[in-house]
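The values are calculated or read from the model by the stated rules, or taken from the named source; none is laboratory data. No experiment lies behind these values; they were computed from the predicted model shown. Here the Cβ positions follow ideal geometry from the backbone for every residue, glycine too, while neighbour counts run over all protein chains shown.
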Ligand SMILES: Cc1ncc(COP(=O)(O)O)c(C=O)c1O
(Lines give C-alpha, C1' and ligand atoms only; values in the text may rest on other atoms or scores of the structure.)
Protein backbone atom coordinates (compact mmCIF):
# COMPACT_ATOMS: atom_id res chain seq x y z
CA UNK A 1 0.00 0.00 0.00
CA UNK A 2 1.38 3.39 -0.99
CA UNK A 3 1.85 6.15 1.58
CA UNK A 4 0.01 9.43 1.55
CA UNK A 5 2.22 12.48 1.28
CA UNK A 6 1.69 13.08 4.98
CA UNK A 7 2.67 9.54 5.96
CA UNK A 8 5.74 9.66 3.69
CA UNK A 9 6.80 12.98 5.23
CA UNK A 10 6.41 11.49 8.72
CA UNK A 11 8.76 8.60 7.87
CA UNK A 12 11.49 11.03 6.79
CA UNK A 13 10.87 13.35 9.73
CA UNK A 14 11.99 10.56 12.09
CA UNK A 15 15.56 10.67 10.71
CA UNK A 16 18.33 13.00 11.97
CA UNK A 17 18.54 16.05 9.75
CA UNK A 18 20.52 19.26 9.89
CA UNK A 19 18.91 22.26 8.14
CA UNK A 20 21.20 23.69 5.48
CA UNK A 21 19.10 24.94 2.61
CA UNK A 22 16.06 26.95 1.58
CA UNK A 23 13.14 24.63 0.94
CA UNK A 24 10.87 24.19 -0.91
CA UNK A 25 12.92 25.29 -3.89
CA UNK A 26 10.89 27.17 -6.50
CA UNK A 27 8.95 25.35 -9.22
CA UNK A 28 7.98 27.55 -12.14
CA UNK A 29 6.74 27.34 -15.70
CA UNK A 30 9.09 28.22 -18.55
CA UNK A 31 6.54 30.23 -20.54
CA UNK A 32 8.49 31.08 -23.65
CA UNK A 33 10.01 27.62 -24.02
CA UNK A 34 6.68 25.89 -23.36
CA UNK A 35 5.16 27.87 -26.22
CA UNK A 36 8.07 27.27 -28.54
CA UNK A 37 8.34 23.54 -27.84
CA UNK A 38 4.63 22.70 -27.50
CA UNK A 39 4.86 21.14 -24.03
CA UNK A 40 4.10 22.37 -20.52
CA UNK A 41 7.64 22.81 -19.29
CA UNK A 42 8.42 23.49 -15.61
CA UNK A 43 11.74 23.85 -13.83
CA UNK A 44 12.47 22.69 -10.29
CA UNK A 45 15.11 25.08 -9.01
CA UNK A 46 17.56 23.11 -6.90
CA UNK A 47 20.20 25.60 -8.00
CA UNK A 48 18.48 27.69 -5.29
CA UNK A 49 18.92 25.23 -2.42
CA UNK A 50 21.53 27.53 -0.81
CA UNK A 51 23.45 28.14 1.33
CA UNK A 52 24.92 30.60 -1.12
CA UNK A 53 24.82 31.41 -4.83
CA UNK A 54 26.32 28.01 -5.57
CA UNK A 55 23.72 25.62 -4.22
CA UNK A 56 22.66 22.46 -5.99
CA UNK A 57 21.27 18.98 -5.53
CA UNK A 58 23.82 17.93 -2.90
CA UNK A 59 22.37 20.23 -0.23
CA UNK A 60 19.27 17.99 0.06
CA UNK A 61 21.48 14.96 0.59
CA UNK A 62 23.79 16.78 2.96
CA UNK A 63 20.95 17.74 5.31
CA UNK A 64 20.61 14.04 6.15
CA UNK A 65 24.33 13.19 5.92
CA UNK A 66 25.42 16.04 8.17
CA UNK A 67 22.50 15.19 10.48
CA UNK A 68 23.97 11.70 10.84
CA UNK A 69 27.55 13.00 11.20
CA UNK A 70 26.45 15.25 14.07
CA UNK A 71 24.46 12.46 15.71
CA UNK A 72 27.70 10.41 15.68
CA UNK A 73 29.59 13.39 17.17
CA UNK A 74 32.01 13.53 14.24
CA UNK A 75 34.60 16.31 13.97
CA UNK A 76 35.97 15.62 10.50
CA UNK A 77 34.06 14.83 7.32
CA UNK A 78 35.77 13.08 4.39
CA UNK A 79 34.43 13.14 0.88
CA UNK A 80 35.50 12.52 -2.72
CA UNK A 81 35.01 13.72 -6.28
CA UNK A 82 36.72 15.35 -9.22
CA UNK A 83 38.73 18.54 -8.64
CA UNK A 84 35.73 20.59 -9.84
CA UNK A 85 33.23 18.49 -7.89
CA UNK A 86 30.06 20.36 -6.93
CA UNK A 87 29.42 17.74 -4.29
CA UNK A 88 32.81 18.26 -2.62
CA UNK A 89 32.38 22.03 -2.57
CA UNK A 90 28.85 21.81 -1.15
CA UNK A 91 30.05 19.33 1.45
CA UNK A 92 32.68 21.86 2.55
CA UNK A 93 29.94 24.53 2.74
CA UNK A 94 27.73 22.23 4.82
CA UNK A 95 30.61 21.34 7.14
CA UNK A 96 31.43 24.97 7.79
CA UNK A 97 27.83 25.74 8.68
CA UNK A 98 27.70 22.76 11.03
CA UNK A 99 31.10 23.44 12.64
CA UNK A 100 32.73 20.34 11.12
CA UNK A 101 36.11 20.11 9.36
CA UNK A 102 35.97 19.14 5.67
CA UNK A 103 38.65 16.89 4.13
CA UNK A 104 38.37 16.47 0.36
CA UNK A 105 40.13 13.89 -1.85
CA UNK A 106 39.81 15.14 -5.40
CA UNK A 107 40.79 13.30 -8.56
CA UNK A 108 42.41 15.56 -11.15
CA UNK A 109 40.44 14.39 -14.21
CA UNK A 110 41.35 17.81 -15.64
CA UNK A 111 44.87 18.75 -14.45
CA UNK A 112 45.04 21.60 -11.91
CA UNK A 113 46.82 24.79 -12.94
CA UNK A 114 47.98 26.17 -9.58
CA UNK A 115 48.49 29.60 -11.10
CA UNK A 116 44.85 29.75 -12.20
CA UNK A 117 42.70 27.82 -9.72
CA UNK A 118 39.04 28.12 -10.68
CA UNK A 119 35.45 27.42 -9.87
CA UNK A 120 34.74 24.84 -7.14
CA UNK A 121 38.40 24.17 -6.37
CA UNK A 122 38.82 27.88 -5.69
CA UNK A 123 35.73 27.88 -3.43
CA UNK A 124 37.06 24.79 -1.58
CA UNK A 125 40.11 26.85 -0.72
CA UNK A 126 38.11 29.92 0.28
CA UNK A 127 36.24 27.59 2.64
CA UNK A 128 39.55 26.38 4.05
CA UNK A 129 38.88 22.71 3.37
CA UNK A 130 41.81 20.30 3.61
CA UNK A 131 42.20 19.53 -0.09
CA UNK A 132 44.14 16.50 -1.35
CA UNK A 133 44.68 16.32 -5.11
CA UNK A 134 44.97 12.83 -6.56
CA UNK A 135 46.81 13.11 -9.87
CA UNK A 136 45.96 10.59 -12.57
CA UNK A 137 48.87 8.20 -13.17
CA UNK A 138 49.94 7.22 -16.67
CA UNK A 139 47.50 4.67 -18.08
CA UNK A 140 45.21 4.91 -15.05
CA UNK A 141 41.42 5.07 -15.59
CA UNK A 142 39.21 7.51 -13.65
CA UNK A 143 37.75 4.62 -11.66
CA UNK A 144 41.23 3.40 -10.70
CA UNK A 145 42.28 6.90 -9.62
CA UNK A 146 39.06 7.23 -7.56
CA UNK A 147 39.87 3.92 -5.90
CA UNK A 148 43.34 5.19 -5.05
CA UNK A 149 41.78 8.35 -3.57
CA UNK A 150 39.78 6.14 -1.19
CA UNK A 151 42.92 4.30 -0.11
CA UNK A 152 44.85 7.52 0.50
CA UNK A 153 41.93 8.92 2.51
CA UNK A 154 41.77 5.75 4.62
CA UNK A 155 45.37 6.36 5.70
CA UNK A 156 44.60 9.97 6.71
CA UNK A 157 41.49 8.87 8.52
CA UNK A 158 43.32 6.18 10.48
CA UNK A 159 45.87 8.84 11.48
CA UNK A 160 43.14 11.15 12.81
CA UNK A 161 41.32 8.34 14.58
CA UNK A 162 44.52 7.26 16.26
CA UNK A 163 44.80 10.79 17.64
CA UNK A 164 41.30 10.33 19.08
CA UNK A 165 39.26 12.27 16.49
CA UNK A 166 35.91 11.10 15.18
CA UNK A 167 35.56 11.03 11.39
CA UNK A 168 32.52 10.65 9.13
CA UNK A 169 32.81 9.39 5.57
CA UNK A 170 30.54 10.58 2.74
CA UNK A 171 30.81 8.63 -0.52
CA UNK A 172 31.24 10.40 -3.84
CA UNK A 173 28.08 12.36 -4.67
CA UNK A 174 26.63 11.62 -1.22
CA UNK A 175 25.16 8.53 -2.87
CA UNK A 176 24.14 6.24 -0.04
CA UNK A 177 20.82 5.52 1.68
CA UNK A 178 21.18 8.51 4.01
CA UNK A 179 22.03 11.07 1.32
CA UNK A 180 19.57 9.76 -1.23
CA UNK A 181 16.77 10.01 1.35
CA UNK A 182 17.07 13.75 0.73
CA UNK A 183 15.88 13.21 -2.81
CA UNK A 184 13.01 10.98 -1.75
CA UNK A 185 11.98 14.04 0.22
CA UNK A 186 12.62 16.20 -2.86
CA UNK A 187 10.16 14.09 -4.81
CA UNK A 188 7.50 14.61 -2.15
CA UNK A 189 8.18 18.34 -2.24
CA UNK A 190 7.75 18.44 -6.02
CA UNK A 191 4.51 16.46 -5.80
CA UNK A 192 3.10 18.86 -3.20
CA UNK A 193 3.97 21.82 -5.42
CA UNK A 194 2.42 20.23 -8.51
CA UNK A 195 -0.74 19.36 -6.57
CA UNK A 196 -1.04 22.95 -5.37
CA UNK A 197 -0.97 24.00 -9.05
CA UNK A 198 -3.53 21.32 -9.95
CA UNK A 199 -0.91 19.47 -12.05
CA UNK A 200 0.64 16.02 -12.45
CA UNK A 201 3.97 15.55 -14.16
CA UNK A 202 4.13 13.16 -17.12
CA UNK A 203 7.92 13.35 -17.10
CA UNK A 204 10.73 14.40 -14.77
CA UNK A 205 14.16 14.88 -16.40
CA UNK A 206 17.45 15.33 -14.56
CA UNK A 207 21.20 14.75 -14.88
CA UNK A 208 22.61 11.67 -13.19
CA UNK A 209 26.17 10.91 -12.11
CA UNK A 210 26.59 8.73 -9.04
CA UNK A 211 22.86 7.77 -9.19
CA UNK A 212 22.22 9.17 -5.70
CA UNK A 213 19.68 11.68 -6.95
CA UNK A 214 18.11 9.16 -9.32
CA UNK A 215 17.73 6.57 -6.54
CA UNK A 216 16.21 9.08 -4.14
CA UNK A 217 13.69 10.27 -6.72
CA UNK A 218 12.77 6.67 -7.57
CA UNK A 219 12.27 5.92 -3.86
CA UNK A 220 10.07 8.99 -3.38
CA UNK A 221 8.03 8.14 -6.47
CA UNK A 222 7.50 4.56 -5.28
CA UNK A 223 6.63 5.64 -1.74
CA UNK A 224 3.58 7.62 -2.87
CA UNK A 225 2.73 5.57 -5.99
CA UNK A 226 3.32 8.41 -8.45
CA UNK A 227 3.02 7.72 -12.18
CA UNK A 228 5.49 10.31 -13.52
CA UNK A 229 8.18 8.87 -15.77
CA UNK A 230 11.61 9.85 -14.45
CA UNK A 231 14.28 10.05 -17.14
CA UNK A 232 17.83 10.18 -15.77
CA UNK A 233 20.34 11.46 -18.32
CA UNK A 234 23.81 10.15 -17.55
CA UNK A 235 26.83 12.43 -17.84
CA UNK A 236 29.49 9.71 -18.06
CA UNK A 237 29.51 6.21 -19.58
CA UNK A 238 27.57 3.64 -17.54
CA UNK A 239 27.03 -0.03 -18.24
CA UNK A 240 23.82 -1.96 -17.60
CA UNK A 241 24.64 -2.54 -13.94
CA UNK A 242 23.89 1.16 -13.37
CA UNK A 243 20.12 0.60 -13.30
CA UNK A 244 20.48 -2.24 -10.80
CA UNK A 245 22.73 -0.06 -8.66
CA UNK A 246 20.17 2.79 -8.72
CA UNK A 247 17.27 0.46 -7.90
CA UNK A 248 19.21 -1.21 -5.07
CA UNK A 249 20.06 2.17 -3.58
CA UNK A 250 16.43 3.28 -3.87
CA UNK A 251 15.38 0.13 -1.99
CA UNK A 252 17.98 0.81 0.70
CA UNK A 253 16.45 4.27 1.14
CA UNK A 254 12.95 2.77 1.43
CA UNK A 255 14.15 0.22 4.00
CA UNK A 256 16.11 2.85 5.97
CA UNK A 257 13.14 5.15 6.35
CA UNK A 258 10.85 2.24 7.27
CA UNK A 259 8.60 2.27 4.18
CA UNK A 260 5.99 -0.49 3.85
CA UNK A 261 7.91 -3.66 2.91
CA UNK A 262 5.95 -4.36 -0.28
CA UNK A 263 7.15 -1.08 -1.83
CA UNK A 264 10.16 -2.02 -3.93
CA UNK A 265 11.82 -0.23 -6.83
CA UNK A 266 12.22 -2.54 -9.83
CA UNK A 267 15.36 -2.01 -11.95
CA UNK A 268 13.47 -3.10 -15.08
CA UNK A 269 10.43 -0.86 -14.65
CA UNK A 270 11.02 2.01 -12.24
CA UNK A 271 14.33 3.54 -13.31
CA UNK A 272 15.31 4.76 -16.76
CA UNK A 273 18.61 6.07 -18.02
CA UNK A 274 19.23 8.01 -21.21
CA UNK A 275 22.78 7.33 -22.35
CA UNK A 276 22.99 9.22 -25.62
CA UNK A 277 24.09 12.61 -24.33
CA UNK A 278 27.19 12.16 -22.17
CA UNK A 279 29.65 12.02 -25.09
CA UNK A 280 32.50 12.77 -25.50
CA UNK A 281 32.83 12.11 -21.75
CA UNK A 282 32.65 13.44 -18.20
CA UNK A 283 33.67 17.10 -17.95
CA UNK A 284 33.89 17.23 -21.74
CA UNK A 285 31.35 19.50 -23.44
CA UNK A 286 29.39 18.41 -26.52
CA UNK A 287 27.91 20.44 -29.37
CA UNK A 288 24.41 19.56 -28.08
CA UNK A 289 25.13 20.61 -24.49
CA UNK A 290 26.72 23.88 -25.62
CA UNK A 291 23.65 24.62 -27.76
CA UNK A 292 21.28 23.68 -24.93
CA UNK A 293 23.05 26.08 -22.54
CA UNK A 294 22.83 28.96 -25.01
CA UNK A 295 19.23 28.16 -26.00
CA UNK A 296 17.99 28.17 -22.40
CA UNK A 297 19.89 31.37 -21.64
CA UNK A 298 18.55 33.08 -24.75
CA UNK A 299 14.90 32.07 -24.35
CA UNK A 300 14.46 32.19 -20.58
CA UNK A 301 17.53 33.98 -19.17
CA UNK A 302 18.50 30.86 -17.16
CA UNK A 303 21.92 29.29 -16.72
CA UNK A 304 22.75 25.60 -16.68
CA UNK A 305 26.20 24.03 -16.61
CA UNK A 306 28.26 22.16 -19.21
CA UNK A 307 29.00 19.05 -17.09
CA UNK A 308 25.55 18.04 -15.84
CA UNK A 309 22.37 19.97 -16.64
CA UNK A 310 23.63 21.08 -20.07
CA UNK A 311 23.75 17.44 -21.12
CA UNK A 312 20.46 16.55 -19.44
CA UNK A 313 18.70 19.52 -21.01
CA UNK A 314 20.11 18.57 -24.42
CA UNK A 315 18.55 15.13 -23.91
CA UNK A 316 15.21 16.63 -22.96
CA UNK A 317 15.19 18.95 -26.00
CA UNK A 318 15.99 16.04 -28.31
CA UNK A 319 13.17 13.96 -26.83
CA UNK A 320 10.66 16.77 -27.24
CA UNK A 321 11.75 17.52 -30.80
CA UNK A 322 11.67 13.87 -31.86
CA UNK A 323 8.13 13.44 -30.46
CA UNK A 324 9.27 10.88 -27.87
CA UNK A 325 7.63 13.28 -25.42
CA UNK A 326 4.11 13.84 -26.74
CA UNK A 327 3.01 17.43 -27.45
CA UNK A 328 1.11 18.94 -24.53
CA UNK A 329 2.86 16.73 -21.92
CA UNK A 330 3.68 18.21 -18.54
CA UNK A 331 7.45 17.99 -18.10
CA UNK A 332 9.57 18.99 -15.12
CA UNK A 333 13.27 19.62 -15.63
CA UNK A 334 15.11 19.31 -12.31
CA UNK A 335 17.84 21.94 -12.23
CA UNK A 336 20.50 20.36 -10.05
CA UNK A 337 22.82 23.39 -9.81
CA UNK A 338 26.45 23.35 -10.87
CA UNK A 339 26.66 26.75 -12.57
CA UNK A 340 30.17 27.24 -11.15
CA UNK A 341 31.34 25.01 -14.03
CA UNK A 342 30.64 27.94 -16.35
CA UNK A 343 33.75 29.49 -14.76
CA UNK A 344 35.91 26.36 -14.76
CA UNK A 345 38.83 25.40 -17.00
CA UNK A 346 38.37 26.05 -20.72
CA UNK A 347 38.25 22.33 -21.55
CA UNK A 348 35.25 21.95 -19.20
CA UNK A 349 33.41 25.11 -20.31
CA UNK A 350 33.58 24.57 -24.08
CA UNK A 351 32.73 27.13 -26.74
CA UNK A 352 30.26 29.43 -25.05
CA UNK A 353 31.67 32.80 -26.04
CA UNK A 354 30.29 34.82 -28.93
CA UNK A 355 31.43 37.66 -31.06
CA UNK A 356 32.37 40.93 -29.33
CA UNK A 357 31.78 44.21 -31.09
CA UNK A 358 34.33 46.99 -30.67
CA UNK A 359 32.77 50.27 -31.77
CA UNK A 360 35.08 53.17 -32.51
C1 LIG B 1 25.10 19.89 -10.92
C2 LIG B 1 24.91 18.43 -10.74
N3 LIG B 1 23.87 17.84 -11.33
C4 LIG B 1 23.65 16.52 -11.22
C5 LIG B 1 24.49 15.71 -10.49
C6 LIG B 1 24.22 14.24 -10.44
O7 LIG B 1 23.82 13.85 -9.17
P8 LIG B 1 24.10 12.39 -8.64
O9 LIG B 1 25.57 12.28 -8.36
O10 LIG B 1 23.27 12.29 -7.44
O11 LIG B 1 23.71 11.42 -9.72
C12 LIG B 1 25.58 16.28 -9.83
C13 LIG B 1 26.49 15.42 -9.04
O14 LIG B 1 27.63 15.46 -8.96
C15 LIG B 1 25.82 17.67 -9.96
O16 LIG B 1 26.85 18.27 -9.36
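Yes/no matrix, rows are residues, columns are (1) part of a strand (DSSP E or B); (2) within 23 Å of residue 305 (Cβ to Cβ); (3) away from the ligand (no atom under 16 Å from the Cβ):
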| position | (1), (2), (3) |
| --- | --- |
| 1 | no, no, yes |
| 42 | yes, yes, yes |
| 54 | no, yes, no |
| 62 | no, yes, no |
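Each row is one residue, and each column tells you yes or no for (1) modelled with pLDDT of 95 or more; (2) away from the ligand (no atom under 12 Å from the Cβ); (3) farther than 22 Å from residue 90 by Cβ.
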position: 305; (1), (2), (3): yes, no, no
position: 314; (1), (2), (3): yes, yes, yes
position: 321; (1), (2), (3): yes, yes, yes
position: 324; (1), (2), (3): yes, yes, yes
position: 339; (1), (2), (3): no, no, no
position: 345; (1), (2), (3): no, yes, no
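Among the listed residues 37, 41, identify the single one that is farther than 15 Å from residue 179 by Cβ, in the same structural domain as residue 334 (by TED's automatic domain parsing), touching a residue at least 12 places away in the same chain (Cβ under 8 Å) and surrounded by 24 or more Cβ atoms within 10 Å (Cβ to Cβ).
Numbers: 37 fails: surrounded by 24 or more Cβ atoms within 10 Å (Cβ to Cβ).
Exactly one of 37, 41 is farther than 15 Å from residue 179 by Cβ, in the same structural domain as residue 334 (by TED's automatic domain parsing), touching a residue at least 12 places away in the same chain (Cβ under 8 Å) and surrounded by 24 or more Cβ atoms within 10 Å (Cβ to Cβ), namely 41.
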Consider only pairs whose beta carbons are under 7 Å apart and that are at least six residues apart or on different chains; among these, list those whose first residue lies in the stretch 197-218 and is over 20 Å from residue 311 (Cβ atoms) and whose second residue is more than 9 Å from the ligand (Cβ to nearest atom) and at pLDDT below 95. none
Is it true that residue 207 is within 13 Å of residue 252 (Cβ to Cβ), in contact with a helix residue (DSSP H, G or I) (Cβ under 6 Å, 6 or more places away or on another chain) and buried (at least 22 other Cβ atoms within 10 Å of the Cβ)? no
Picking from 300, 274, which residue would you name as being within 14 Å of the ligand (Cβ to nearest atom), touching a helix residue (DSSP H, G or I) at 6+ places or on another chain (Cβ under 7 Å) and at pLDDT 95 or above? 274
Tell me, which strands (runs of 3 or more DSSP E) lie completely within the stretch 101-208 with 1 or more residues that are within 16 Å of the ligand (Cβ to nearest atom), closer than 30 Å to residue 319 by Cα and under 21 Å from the mean Cα position of the chain (by Cα)? 203-208
Any hit, the stretch 256-264, residues being in the same structural domain as residue 181 (by TED's automatic domain parsing), assigned to a strand (DSSP E or B) and either touching a residue at least 12 places away in the same chain (Cβ under 8 Å) or out of contact with any strand residue (DSSP E or B) (no Cβ under 8 Å at 6 or more places or on another chain) (or both): no
For the stretch 114-165, enumerate the residues that are in contact with a helix residue (DSSP H, G or I) (Cβ under 6 Å, 6 or more places away or on another chain) and farther than 22 Å from residue 90 by Cα. 136
